Structure formats: C-alpha cells, structure tokens
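Nothing in this text is a laboratory measurement; each read-out follows from the coordinates by a stated rule. As the structure is a computational prediction, the values presented were derived from the model and not from experiment. As a convention, Cβ positions derive from the backbone with ideal geometry for all residues, glycine included, and neighbour counts pool all protein chains shown.
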Amino acid sequence: MRIQITNGRVVDPANNVDRNTDVFVADGLIAGVGKAPAGFNAEASIDAAGCIVCPGLVDLAARLREPGFEYRATLESEMAAAAAGGITSLACPPDTDPPLDEPGLVEMLTHRARLPDFAHVYPVGALTVGLAGQRLTEMAELAEAGCVAFGQANTVILDTQVLLRAMQYAATFGFPVWLSAQDPYLARSGVAHDGEVAARLGLTGIPVVAETIALATILHLAQETGARLHVARISSAAGVEMIRAARAAGIKVSCDVAAHHLHLCENDIGFFNPHARLDPPLRALSDRDALRAGLADGTVDALCSDHTPVDDDGKQAPFGEAEAGATGLELLLPLTLKWAHEMKLPLVKALARVTSDPARVLGLAAGTLGVGRAADICIFDPEARVRITRERLKSQGKNTPFLGQELAGEVRYTLIDGHPAHTPPL
Amino acid sequence: MNSNPQLNKHGELQHLLTIEGLPREIIAAILDTAAPFTEVAEREVKKVPLLRGKSVFNLFFENSTRTRTTFEIAAKRLSADVINLNINTSSTTKGETLLDTVDNLSALQADIFVVRHASSGAPHLIAQHLAATGRDHIRVINAGDGRHAHPTQGLLDMYTIRHYKKDFTRLTVAIVGDVLHSRVARSQIHALTTLGVPEVRVIAPKTLLPTQVEQMGVRVFNDMREGLRGVDVVMMLRLQNERMNGALLPSPQEYFKYYGLTPDKLDLAKPDAIVMHPGPMNRGVEIDSAVADGRQAVILPQVTFGIAVRMAVMSMLGGA
C-alpha cells in the first residue's frame, strides 16, 4: 500500500531531521521524505497535522510472557500494547518458562510473532541452559533461530569462570552479551534500595554496591574477553560513573535504563505501594538524577520500557512479597517525552534514545526513516494528555506506578512495515 | 496510596498502622485514654462495656502467644467478643491469599482486625483493601509487621516513660540492640521524636543498624559505654536466636560482653535511669539478670501498661 503522511513534523534522529514535511510509504518501505518518488500516487493519506512523525520505537526490554506465563499476558495483548505505544521493534528477555535456551522455543516465538499487526520481535537467548549459570547454550544455533544477543535476564551467573567462558564463547561469534548487574549475595532477600526509605519501612535493602561490584566483574570480563557487553537496567549514579570510566578506558560497553527509573525514586514507595516494587529497585533521588543526566549525555545509550506485566494477585501482596515489575510498553513514549521536557532536551535528541540508539545496540537497521528502510513509523500528538487507567491500557498488565496520572503524548498511528497496526478509534 | 492511610479526612485515627506520621496530639490522647484503664485491672469486675457487641479478630499470620494474649485481654476487658485466628502461612506455601482471608473474615462482621504479619506493610495493604472495597468501617490495628512497626508496643513504652519521667522534652533515651530487624525500635524512634525527646540514641554494632538510620533522627553509637553515658531511659531490644551466630554476630557471648546491659554499664546512665525491654528477654545475651530483676527495671510495669494502652487504642477506634 502507498501512503502519504502529510502535515506532520518529521523527527528522525538517525538522519538528524526535524522539519515539517511529508513521508511517503510504498511496499512496506520508506519511499521518500520531503519529496515523493517519481510516479508516486498515494492510495491512502494520513493527516499528521499537530503531530510528530518519527521512527517506530525500539524497545530493548519487553517481556511478552510467552511461553509459560500466558495467565499474565499473551502475545496478542502485549503486541496490541506495543502498537498502541508506538513501538515497532522489541527485544524480549529470555526469562520465559521454559527460558529461551533452545532453538525450537525461539523459532516458535518468532513464528507466532510474525503477524502484520505485531512489532518485530528480537529474542535475547539464554546465555546458559535454563538460565542456571552452569552450562552454555547452543548460541550459534540460537542465533540462527533468531536470537540477536544472549543474556541472563535478571539472574546472574554466580560462577565467574562460567561467566568468563560464556563471554568468551559469545565473543567467538561476535554475539553481544546482555547482562544485568546485581550481586545476588548483597541483594539477598532485598526488595528496595538500601537507603532511608527501606530503613524507615523496615524493608530489606539492596545496596548500591550490589550493582557496582557486579558491574566491576562484568566490565573486567568484557575487557578480558573482548565480548560486546550491554549492561541492562543500570540503576545507580555510581553505576553510570563506572560505565563512563569503562568506556573512556576503551571497553566496548553499552547500557540502558528503564523508563521508570528516570522518573521515580525510593520515596515513591510511599506507604508500601507494590507498584513501586521494581527490579532493580528504585534508588535515591540523586541516583535518579544521575540516570537522567547520563541518558542525556549519552553515557546511557538507550531508554527501555522494561515491560513486565504482573497480574493483580502478584501485586496485591505486602510490598516484599509482591512481584517486581511494571507494565511499560504504553508508557515508554510519554515517559520519554516527560524526561525530554523536564531536561529541556530537543526532541530529536530525546527520541534518539528510543529509536536509533537502541537500534544500534541491537545492530539493526531499524529506528530510522531513511529511504529504503522498513516503514516502521510512529505518529503521535505530543500535546495530547492521556490519563493512565486500567481500562485504557491494552497490556494485560495493569501494574504501573503511574496509574491514575496524566501524561503528555498520545500515539495516533503506528505503522509496521507500512501496515497500520494502530490507528485512532473511529 | 501515598497519603497517610491511618487518618481519615478529618485527621482522626481510622486505623493504627504505624506511629510514623501520627500527630503528637493523637499519641497524647491515646496515653491519656489509657490512664484510667490501668484501674480497671484493680477492680473486682475487670470489665468496662465500651466494646460490648463488637467483634475483635486477632489475625496472627505470625506466631506470638504473648502479644496475642495481651490484645485478647484488652479486648475482653472492653467487653468485646474476641476471635483468635492463627494463620500460619509463609509466602512459600501458596494458598488463600492474605486479602482472600481478609474478605472472608470481614464477611463475618468483624469490627476490628488486630494483625500480626511477617511482612512489612501487610496491615497497610489490608487497610487499603478495606477502603477500596467500601468496608472502611472495619478498623485495623497493627500488632507487628515484619521489621516495620509495632505501634502498640511503641505506645506502651511511651506510657511507661511518661509514668516514670513525666516530661519527654528533657530526656536522653538510648535504644540498644538489633535495630536493623526491629519493628519495636522503629516505632519507639518515631514515638520519641514525635513527643519531643531531644536526644534519641541507638547503640549497636554496625551489622545491626539500618543504612541511614540517622535519617530517622537518632544519634548512632557503636560503643555501648559511650552511648549510655548520662541517659534517662535505656530501651533494650530482643536479639533473635537465629541472628546470634553467623554473619551478623560471631556469638552471643561476645555480644553480651560488648552490648549486653550489665550493672557496670548501667552505672554510666543517670542514677535514676529506667531500663525497659519489650520481652521476651534473653538473659545473659542482651541483658544481665541483675539488671533485669534490679530496681531500675520497669519491664513488668510495661506489660501491665500494655493492656491499658491496647484498651485505649481499641476503644478509640471501635467505640463509635
């Protein structure tokens, strides 16, 4: 189908574009920006007056809960949420049940996800069998089945020799290794940042050193093995500083932060709000500020939703017993805009952190409106204010600390390979 | 969820979940209400009819015969019907959820839930759930949640201090022991700072103190002798058995030597200092018998006052 998107403000960080112009889509690809290709006649047009036209968002962490946790979410519900959130590509962590440690499971998932309304799914394979941290997975086979990177989701490899070998093996094939940084001993039974709020509420704390010690280990091993390391969900100011120093020392490392951690801190736990139970934990206000600044200056490469749908039973429990995680697909864009607005960042720079930058981390030619690329496009009204309610959320997970709040930025259209996956209600 | 859920919109006590955020006037009102109740126990008929026809459910998700009994006595002296439920569930044995249990019991026309739970925040969750389901006529009293709070213990401690020392604004109070794991300590700290005690000290080895405990308005001492110097009140905390040998402390013997309250250490406090303990005591671990049974100990009066304070809280919440 040939579509002409008119009257919008095109913001395309990959090509450093920010101007009012038209975008032309043909055969699922971007056929032109500003100038129609020869002989283009549109079959349909989208009036994007008052809207931003940008590349579809690329999310580095979205749990789809398949296979294994279909009672929490299904591919259908979460893909509808992704489209409603303007997300057209997403990486999913391997912590499904069973974990993504066999090519067959990965093929099944990518096959199930191959529908026109669905975002492109890029599975992160398990680095070790069963995520148990003992035996390497068949990474090369898994890569052929569609895995773009290998990781341990929120678990860690305790045995540092296995970790070293896993990174060496991944480096052999040039596969990126995605790891979260949390020392399991220091984080033992922890449910909140080890600070003032945990002290007051009597919650078991997870100290910042749990992050920095684990981070030191994986940074050293990245240097040793030459593996391409991506640190998932950095949470502390000290962590951001270590990434900055490691990069200055020439270590190949990228990292991301979850959208919640840009806006919330330990104080948002209030009186035991289970929606503020997240992994890694929300840390001090100074940590939050360092994450915001680190993302702005590029030390932190990308912003992700860390989408984790949890059912009501999982959240309606005392704080420490509640399951960690928040739904995020439909909040990624508004939370990006909120950060940009509060930091007074140009839109083209802010949107880079959810389009071209995560695409670079993934090694994908996505997150761009470059001519000839897939027509993955998000059209949103940056001024429209949206109240986050259970009814509005398409995700099966209604768990978000932003429930009831009003955020600016409403997605009007999401095109995936030129196909309208999300359109305004009639 | 972020406003203080234990006060109603007129600022009146709706539930008793924690001492944090309770206005000084409410604490004083509870202590004042408790005073005449101490006399009820002296009467031949130890009963007043304030809660006649009301049902008090003791919901104990964590075992505690002692605390449960004091609530039971308090409720019975107020003429309430008392139903004791020991619901031994750990988070690992999945069955009926906490809120399912609450729903079922509120269908049995409960007026007051007295809740003890191993997880910090469980009584808050119950109070929020009752409000969200239109049953906020049921009142919740926290009888101890995880490491978070034990407000009636904190209040009975304040009653005891007031009884012996009268004026809070001239006192130096030391809390000694396992502050990290203690809901009692947290409630004591909030109560003492709210009532205007100018210096609240905590004394413990670093392994038994929460990070940033000083943010709660206390002065930290690692040396017990230094910390006890010149204090008016010594509040001892119980050290749980499972914490005595391991990564927190090497042995009960070493703990006793450095952090046990012995007569010679107590000599550093003011001569008229009182010694308190929430019970049950570990003699020879956190406290020497000579001190526990000594003239400065007010540990048994604490227990007696505890009944009156719990009667006060229940009558204020449920007497409407």
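Inter-label distance, B:GLN240 to A:ASP27: 6.8 nm, where each label sits 7 Å from its Cα along the C-beta direction. Helix B:183-194: angle to the longest alpha-carbon principal axis of chain B, degrees 0 to 90, nearest 10? It works out to around 90 degrees. Each of A:LYS394, A:LYS349, B:LYS46 was scored by other Cβ atoms within 10 Å of its Cβ. Arranged with the fewest first, they read B:LYS46, A:LYS349, A:LYS394.
Taking the convex hull of the alpha carbon positions in the stretch B:167-320 and averaging its projected area over all directions gives 9.6 nm².
Across the stretch A:56-362, the mean sequence separation of Cα contacts (distance under 8 Å, 6 or more residues apart), normalised by length, yields a relative contact order of 17 percent.
The Rg/Rh ratio of the stretch B:197-246, with Rg taken over Cα atoms and Rh as the Kirkwood radius over Cα pairs, comes to 0.98.
Sequence-ordered 3J(HN,Hα) estimates for the stretch A:63-70 from the Karplus curve with 6.51, -1.76 and 1.60 and θ = phi - 60° stand at 7, 9, 6, 10, x, x, 10, 4 Hz, glycine and proline given as x.
Distance from the alpha carbon centroid of the stretch A:121-164 to that of the stretch B:165-218 works out to 48 angstrom.
Ordering A:309-316, A:183-190 by mean Cβ neighbour count within 10 Å, with the highest value first, yields A:309-316, A:183-190. Counting only DSSP H runs of at least 4 residues, each contributing -39500 (n - 2.57), and dividing by the residue count of chain A, the helix-based mean residue ellipticity at 222 nm comes to -8500 deg cm²/dmol.
The phi torsions of the stretch A:396-407, fed into the Karplus equation with coefficients 6.51, -1.76 and 1.60 and a -60° offset, translate into couplings of 5, x, 9, 8, 8, x, 8, 3, x, 8, 9, 10 Hz, rounded to whole numbers, with Gly and Pro shown as x.
Per-residue Cβ neighbour counts within 10 Å put A:PHE69, A:PHE150, B:PHE168, B:PHE305 in the sequence A:PHE69, B:PHE168, B:PHE305, A:PHE150, beginning with the fewest. Calculated translational diffusion coefficient of the protein assembly as shown (4 °C, 1.567 mPa s; Stokes-Einstein with Kirkwood radius over alpha-carbon pairs) equals 46 µm²/s.
Taking every DSSP bridge with both residues inside the protein assembly as shown, close to 30 percent are antiparallel.
Compared with the dominant principal axis of the Cα atoms in chain A, helix A:103-112 is inclined by about 40°. Remark: mean inter-chain Cβ contacts per residue of A:274-281 equal 1, using a 10 Å Cβ-Cβ cutoff to other protein chain atoms. Taking 13 Å as the straight-line reach from the Cα of B:LYS206, the aspartates and glutamates in range (excluding those fewer than 8 positions away in the same chain) are B:ASP178, B:GLU214, B:ASP223.
Net charge around B:ALA143, counting only other residues with Cβ within less than 14 Å of its Cβ (Lys, Arg = +1; Asp, Glu = -1)? Taking every Cβ under 14 Å from that of B:ALA143, the sum is +3. Within the stretch A:56-362, the proportion of C-alpha pairs whose separation exceeds 26 Å stands at 41%. Note on B:113-119: average number of Cβ atoms from other chains within 10 Å of each residue's Cβ is 2.
Residues B:HIS148, A:HIS111, B:HIS10 in ascending order of nearby Cβ atoms (within 10 Å, fewest first): B:HIS10, A:HIS111, B:HIS148. Peptide B:182-188 has a mean shielding of 1, counted as Cβ atoms of other protein chains within 10 Å of each residue's Cβ.
I'd like the distance between the alpha-carbon centres of the stretch A:231-303 and the stretch B:105-159, rounded to an integer number of Å. Here the two parts' Cα centres lie 35 Å apart. Taking 18 Å as the limit for the C-alpha separation, the pairs B:LYS166/B:LYS270; A:LYS252/A:LYS349; B:LYS47/B:LYS76 exceed it in the case of A:LYS252/A:LYS349.
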